[in-house]
Amino acid sequence: MTRRGLILFASLGIIWGVPYLFIKIAIAELTPEFLVLARCALAAALLLPIAARHRAIRPVLRRWKPLLAFTLFEIVLAWYFINAAEQTLPSSTVGLLLASIPLVSIVVAFVLGRRDRLTAINGVGVVLGMLGVAAIVGLDVGGSDLGAVAQLAVAVVGYAIGPAILARHLHDLPGVGVIAVALGISGLVYLPIVALTGGWPTSMPSTMTIVSVVVLAVLCSAVAFLLMFALVAEVGPIRMSAITYVNPAVAVLAGALFLGEAVSIWTLVGFVTIIAGCALVTRPDPRAGSRAPQPEPAIAGADADAGAALETQPEHPSLDDVLDEPMPPTEPIVR
């Protein structure tokens, strides 16, 4: 990995690991639904003009049915239930349990008929990962918090189903358009919900809460999305997927350092077991690789069949170039 790739990888690993810290801070003063509304509205306000500049909105709206389904699972449900769960669960526990998303994703792929993806090693990974979840939930989470764990389970399932919808129905659309429109729709969905439930803040939030919302919207949503595209263009989606193993560690460290959250032995055991399970779950079938070796997909748009064309490509694609590309296969897309 190049120096630029390492910097992008480290930056995105941190940015996607700290949302749970800032959610924990913001949710102390804001309702779960208002936090979703504020985050979506601000992030959409930043990304929609970029999507419009790239003429990426109209093609996305033409496929409004899968777009709505993707938005429902990936943002509307997932973000609300993460916010609700963090009202009682430590931010580090939330980050660790969300590390189980690849485990659920492989099960979703199996249910949807992608049985070629589930090898014996993948199956061992699912079992190992679930044991890690059991270690955290059964031995490190109090019984009074099981309701929050159930809320988090809904978010995990949503984060697993969302990319599956994306891969089947929206994979060839500009990624910036998909995310920008999805964030805008989510904000519109939560506007009447907040109005009807009285979820507006009753007083001016504290400075730290406002900063947390801005960081969640600007850094952890809009900027993270742009960094994701730059990273995929630099190292490819396969290497980029390794970031899944970095986020939970960042979440645990952030919770311990800034919120004083305790890190028990069962937290560490669960973390190691979940990460090991995810590594096995995402391990490709070696037999499939030996039969038909495939090069890693290139986001930069180079022609794989014309070696000379590669020499004409710029060393580092511009942001404008990569934003015109379809969404890379990452799970989840936004956090």
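Just so it is clear, none of the values below were taken in a lab; they were calculated from the coordinates. Being a predicted model, the structure only gives us computed values, none of them experimental. Cβ: placed from backbone, ideal geometry, glycine included. Neighbour counts: every protein chain shown.
A few remarks follow.
- Separation in nanometres of the label points that stand 7 Å from Cα toward Cβ, at A242 and F258: 2.6
- Chain lengthening between M208 and L146 when straightened (0.36 nm per residue, less Cα-Cα): 19.5 nm
- Were the residues from L6 through Q87 laid out at 0.36 nm apart, the gain over their Cα-Cα distance would be 25.7 nm.
- Pairwise label distance in nanometres, K65 with V218, each label 7 Å out on the Cα-Cβ vector: 4.1
- Taking 7 Å steps out from each Cα toward its Cβ at H171 and A52 produces label points 3.2 nm apart.
- 5 Å-binned pair-distance histogram of the range 141-283 (Cα, whole percent): 2, 6, 9, 17, 20, 18, 15, 9, 4, 0
- FRET efficiency, 1/(1 + (r/R0)^6) with R0 22 Å, evaluated for V127 and W266 via beta carbons: 0.75
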